[in-house]
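Q: Structure incoming, see below.
The values are calculated or read from the model by the stated rules, or taken from the named source; none is laboratory data. Not measured: the values here are computed from a predicted model. Note that we place each Cβ from the backbone using ideal geometry, even for glycine, and neighbour counts take in every protein chain shown. Accessible surface areas use protein heavy atoms only, side chains included; no ligands, DNA or RNA. Shrake-Rupley method; radii C 1.70, N 1.55, O 1.52, S 1.80 Å.
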Amino acid sequence: MPLREVLQFPDPRLKRVSEPIATIDEEIRALARDMCDVMYDEPGIGLAAPQLGAAVRMFVIDTGWNDEGGERNPLTLINPEIVHRQGVITWEEGCLSVPDYTADVERAAEVTIKATDLDGAEIVEKAEGLRAVCLQHELDHLDGILFIDRISRLKRSLYVKKRKKQLTLEQEE
Ligand code: NI
């Protein structure tokens, strides 16, 4: 079966606020599997359900798998909530839904997130550095926020212009 397509800016579905997941059923488990497959294929270190067009509060991350000697160790977070944040960190971010662009984004340097895993058990995930950045980036997707919503208006409008040009060229091809 072909992999599901990642929605790309400016698809309006990326701007929706996703709904909490009430029941972890086979459909949700299948979606989580699809999300992991797409994340490893792209490749990426995180993917949120809205990026595949599903407006539900779930994302997957695996921040170490493409390091040298790293192994796949995906974590699925359902209905995640930040319960603690501390400090400030600036990181150059990119996103599978924002083609050909990266920019510095300021976020909390450390976060603690409470969520439910695929078995319905509560998990508490504490992270710092890249993993903390990734968790906050993916959680933003569930609220319809992209990292380009967290950069200066000028930088954002330059990207939007570039992206529109790119889409026009694609259409002309
Ligand atoms: Ni993203």
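Q: Largest first and in whole Å, give the semi-axes of the stretch 14-80's equivalent ellipsoid, each being the square root of 5 times a Cα gyration tensor eigenvalue.
A: The equivalent ellipsoid of the stretch 14-80 has semi-axes of 22, 12, 10 Å.
Q: Want the number for residue 158 to residue 23: 0.36 nm per residue separation, take away the alpha-carbon distance, what's left?
A: Here the answer is 44.4 nm.
Q: Next question, about the same structure. In whole percent, and with a 1.4 Å probe on the protein chains, what portion of the accessible area of the chain is carbon and sulfur?
A: Reported share for carbon and sulfur atoms: 48 percent.
Q: Residues of the chain: accessible area per residue at 1.4 Å, in Å²?
A: Ligands and nucleic acids excluded, the result is 56 Å² per residue.
Q: Something else now. Could you derive backbone 3J(HN,Hα) for the stretch 29-36 from the dihedral phi with the Karplus parameters 6.51, -1.76 and 1.60 (θ = phi - 60°), listing whole Hz in sequence and x where the residue is Gly or Pro?
A: 4, 5, 4, 4, 5, 4, 4, 5
Q: If you count the DSSP beta bridges with both ends in the stretch 12-172, what percent of them are antiparallel, to the nearest 5?
A: Within the stretch 12-172, antiparallel bridges account for around 95 percent of the total.
Q: Taking the stretch 1-35, which GluC sites (Glu not before Pro) meet the DSSP loop condition and have no more than 13 other C-beta atoms within 10 Å?
A: 5
Q: Continuing with this model, one more query. Summing -39500 (n - 2.57) over the DSSP H runs of n ≥ 4 in the chain and dividing by its residue number, what mean residue ellipticity at 222 nm do you reach, to the nearest 500 deg cm²/dmol?
A: -9500 deg cm²/dmol
Q: Hey, another quick one. With axes computed from alpha carbons, what is the tilt in degrees of helix 129-142 against the longest principal axis of the chain, rounded to the nearest 10 within 0 to 90?
A: Computed tilt is about 80 degrees.
Q: Oh, and also: Simple spin-label model, 7 Å along Cα-to-Cβ: residue 82 to residue 173 in nm?
A: Taking the two extended label points, one gets 3.7 nm.
Q: Another question, then. Give, in nm to one decimal, the length gained when the segment between residue 89 and residue 106 is fully stretched (0.36 nm per residue of separation minus the Cα-Cα distance).
A: Answer, rounded to one decimal: 5.6 nm.
Q: Just the Kirkwood number for the stretch 12-172, please: inverse of mean 1/r across all distinct Cα pairs, in Å, one decimal.
A: Value: 16.4 Å, from the Cα pair sum.
Q: Starting from the stretch 55-159, pick out the GluC sites (Glu not before Pro) whose DSSP state is loop and whose Cβ has at most 10 other Cβ atoms within 10 Å.
A: When the GluC sites (Glu not before Pro) of the stretch 55-159 are filtered for loop state and at most 10 Cβ neighbours within 10 Å, 68, 71 remain.
Q: If you don't mind, there's one more thing I want to ask. Could you check the spin-label model distance between residue 149 and residue 166? Points 7 Å from the Cα along Cα→Cβ, value in nm.
A: According to this spin-label approximation, the distance is 1.9 nm.
Q: Continuing with this model, one more query. For a quick check: with amide H placed at 1.01 Å from N, whose amide H comes under 5 Å from residue 101's, ignoring anything fewer than 5 positions away on the same chain?
A: 95
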